[in-house]
Amino acid sequence: MRNIKYLRFKIFSTESLKAFVFMALALNILPLSAQELSLEKAIEMAQKNDPWIEGSYLKEQANIAQSIAAGQLPDPVISLGFANMPLDSFDFNQEPMTQFKAGVSQVFPRGETLELQRQKLEEMSRRHPFLRQDRYAKVQLTVTQLWLDLYQSQETIRLIEKDRSLFEYLVEVAEVSYSSTFGRSRQQDLVRAQLELTRIEDRLTVLDRKRSETQEKLAEWLYGTGTNWQEAGVSQTLPELELKLKTDHEETVNLAQYETPDFINHPIIRSLEQQITASETNVDLTRQKYKSQWGVNASYGYRDDAPGGQDRSDFFSLGISFDLPIFTEKRQDKKVEAAVSSKEALKTEKTLALRTIKARFHQAKERLVWLEKRRELYSERLLKEMNDQAEASLNAYTNDDGDFAEVVRARIAELNANIDYLSINIDRLKTIAELNYFSSSSEYKTFINGNQND
């Protein structure tokens, strides 16, 4: 009689446990809400609502307007006044030299200063399209990483919630078995099951906090888009990002066969090249200070008739002026030296930027190779082996040939393996997004859904 009751208990526990696990899995297959945020939509909204882009257009227009203004001659100067006015009477026609003068003067800047000033500002304005292309690529990378972080937190919570229900059921099984006369569970089994359930609650609390923080960071990029996605979260479908690298064999999947991109065409490098071009023009502009600045002036002097009615001739004056830059050692020479040094400093910035992009690209490429190997190992062997181990430990326990602690350990190991596999997939997609940013060209911008020119 005792064996029959215990057998019924085992059958009830095993079959109910399997049914409960099946229900927990089925409950996760729910229709997606229309308010859930996809990665493609998040990138599109962030790029369209980025105030930085608008500011870049305004700065470019400012540089263009300044370049037009800088190429114009200075305004002529008009002068009006009285000359040789007698102080004793202030009578305009008392003295023959008293006259009313009207003059105009015009300054002509040194050498090709006007053209070089215009050219320099125009070249500075050409940086902004490259900076906008880099900004588009950076926004795509940043939003992609935040979206994937949020998806990882959301999916990890879902996996743990599913196993929490399983551990809650294991606690009930242990309680029934421990309190039953025919059960063979020990008090330590009940304590172990309850302890693992408490640990799961703590993990969920930490993950929920992380999810909230990541959601706020992503919401910062989507501010003002008019969307309400926070309650529903991001979509439960993990996108597959395409690696935008050139290869001679398009059908290959071997990352080692992909060509290293020409980083010289990266937008940030092109913007630095444009700065260097402008700095070279600035050197030529500074050298114009060795040349003289010329000025032309003309004036007309009106004289009244003499007191006796005698006619007095009016005066006309014409002249030129120029400076003599002969003491150049501590002025012109130093300004040219400063301009040359600034140009060379920009070249070092370009060299450092190229070195950084190359190094980070190769680091990401090696990381992707490593992640692909781990992903293959998990998908083809490790996850299946973990599941087999969990099933075997449960079957052994239900057949009086196993330990309850081993069942718990196996289930925890399987849960951790699934979470690790999720982390590998997320890191893989992040790395692909990073590689796409480093390999972006100034000729196009890479988007999830295609190409779009600036």
In region 279-297, what residues are out of contact with any Phe, Trp or Tyr (no Cβ under 7 Å at 6 or more places or on another chain) and polar (S, T, N, Q)?
-> S279, T281, N282, T286, Q288, N297
Tally the residues that are out of contact with any helix residue (DSSP H, G or I) (no Cβ under 6 Å at 6 or more places or on another chain) and part of a loop (DSSP other than H, G, I, E, B), restricting the search to region 208-229.
-> 6
Check off (1) modelled with pLDDT of 85 or more; (2) surrounded by 13 or more Cβ atoms within 10 Å (Cβ to Cβ) for T205 and give me the number that stays unchecked.
-> (2)
State which residue is nearest to S299 (Cα to Cα) when the search covers only region 81-113 and only residues that are hydrophobic (A, V, I, L, M, F, W, C) and under 58 Å from the mean Cα position of the chain (by Cα).
-> V104
Residue pairs within 9 Å by beta carbon, gap of at least six or interchain, first lying in region 218-240 and on the phi > 0 side of the Ramachandran plot and modelled with pLDDT under 80, second surrounded by 15 or more Cβ atoms within 10 Å (Cβ to Cβ) and part of a loop (DSSP other than H, G, I, E, B), listed first then second, are G224/N49; G233/E36
Under 7 Å between Cβ atoms, at least 6 apart or on separate chains: pull out the pairs that start in region 33-54 with a residue that is under 19 Å from R132 (Cβ atoms) and end on any residue that is assigned to a loop (DSSP other than H, G, I, E, B) and at pLDDT 95 or above.
-> none
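Within region 397-414, does at least one residue satisfy the condition of being under 30 Å from R270 (Cβ atoms) and touching a residue at least 40 places away in the same chain (Cβ under 8 Å)? Break it down stepwise before answering.
Applying the first criterion (under 30 Å from R270 (Cβ atoms)) to region 397-414 yields none.
Checked region 397-414: no residue is under 30 Å from R270 (Cβ atoms) and touching a residue at least 40 places away in the same chain (Cβ under 8 Å).
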So which residues in region 408-422 are of a type in the set (S, T, N, Q) and in contact with a helix residue (DSSP H, G or I) (Cβ under 7 Å, 6 or more places away or on another chain)?
-> N418
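When you check E123 against the structure, is it farther than 30 Å from D304 by Cβ and free of Cβ contacts under 8 Å to residues at least 40 places away in the same chain, yes or no? Let's see the steps before the verdict.
Numbers: farther than 30 Å from D304 by Cβ: yes; free of Cβ contacts under 8 Å to residues at least 40 places away in the same chain: no.
No.
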Among the residues of region 92-106, count how many are in a strand (DSSP E or B) and within 18 Å of S313 (Cα to Cα).
-> 5
Looking at region 82-93, is at least one residue in contact with a Phe, Trp or Tyr (Cβ under 8 Å, 6 or more places away or on another chain) and either at pLDDT 95 or above or under 30 Å from L241 (Cα atoms) (or both)?
-> no
Answer with yes or no whether L352 is under 52 Å from the mean Cα position of the chain (by Cα), at pLDDT below 95 and either among the aliphatic types (A, V, I, L, M) or outside any loop (DSSP other than H, G, I, E, B) (or both).
-> no
Would you mind telling me which numbered condition in (1) farther than 30 Å from Q99 by Cβ; (2) hydrophobic (A, V, I, L, M, F, W, C); (3) surrounded by fewer than 11 Cβ atoms within 10 Å (Cβ to Cβ) A338 fails?
-> (3)
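What are the residues in region 107-122 that are part of a helix (DSSP H, G or I) and either of a type in the set (A, V, I, L, M, F, W, C) or within 21 Å of S441 (Cβ to Cβ) (or both), if any? Walk me through how you get there before you give the answer.
Our first condition is that a residue be part of a helix (DSSP H, G or I); within region 107-122, this holds for 113-122.
Once the filter is applied, which keeps residues that are part of a helix (DSSP H, G or I) and either of a type in the set (A, V, I, L, M, F, W, C) or within 21 Å of S441 (Cβ to Cβ) (or both), region 107-122 yields L114, L116, L121.
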So which of E406, E434 ends up being in a helix (DSSP H, G or I), over 22 Å from the mean Cα position of the chain (by Cα) and crowded, with 16+ Cβ neighbours inside 10 Å?
-> E406
Please name all residue pairs, on different chains or six or more residues apart, with Cβ atoms under 7 Å, provided the first residue is in region 302-322 and is free of Cβ contacts under 8 Å to residues at least 40 places away in the same chain and the second residue is acidic (D, E) and surrounded by 10 or more Cβ atoms within 10 Å (Cβ to Cβ).
-> D311/D305
List the number of the failed condition for T144; all other conditions in (1) β-branched (V, I, T); (2) over 21 Å from the mean Cα position of the chain (by Cα); (3) modelled with pLDDT of 95 or more hold.
-> (2)
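With the structure loaded, tell me whether T351 is without any contact (Cβ under 8 Å) to a residue 12 or more places away in the chain and either surrounded by 12 or more Cβ atoms within 10 Å (Cβ to Cβ) or not hydrophobic (A, V, I, L, M, F, W, C) (or both) or whether it fails that test. Walk me through it before giving the result.
Values: without any contact (Cβ under 8 Å) to a residue 12 or more places away in the chain: yes; either surrounded by 12 or more Cβ atoms within 10 Å (Cβ to Cβ) or not hydrophobic (A, V, I, L, M, F, W, C) (or both): yes.
Yes, satisfied.
Scanning region 64-91 for residues that are assigned to a loop (DSSP other than H, G, I, E, B) and touching a Lys or Arg at 6+ places or on another chain (Cβ under 9 Å), which turns out surrounded by the fewest Cβ atoms within 10 Å (Cβ to Cβ)? Working first, answer last.
First pass over region 64-91, keeping only residues assigned to a loop (DSSP other than H, G, I, E, B): 71-76, 84-91.
Subsequent filtering for residues that are touching a Lys or Arg at 6+ places or on another chain (Cβ under 9 Å) retains 71-72.
Values: G71: 16, Q72: 10.
Among residues in region 64-91 that are assigned to a loop (DSSP other than H, G, I, E, B) and touching a Lys or Arg at 6+ places or on another chain (Cβ under 9 Å), the one surrounded by the fewest Cβ atoms within 10 Å (Cβ to Cβ) is Q72.
The values are calculated or read from the model by the stated rules, or taken from the named source; none is laboratory data. If you're wondering where the values come from, they're calculated on a predicted model, not measured in any experiment. Virtual Cβ from ideal backbone geometry, glycine too; neighbours counted across all protein chains shown.
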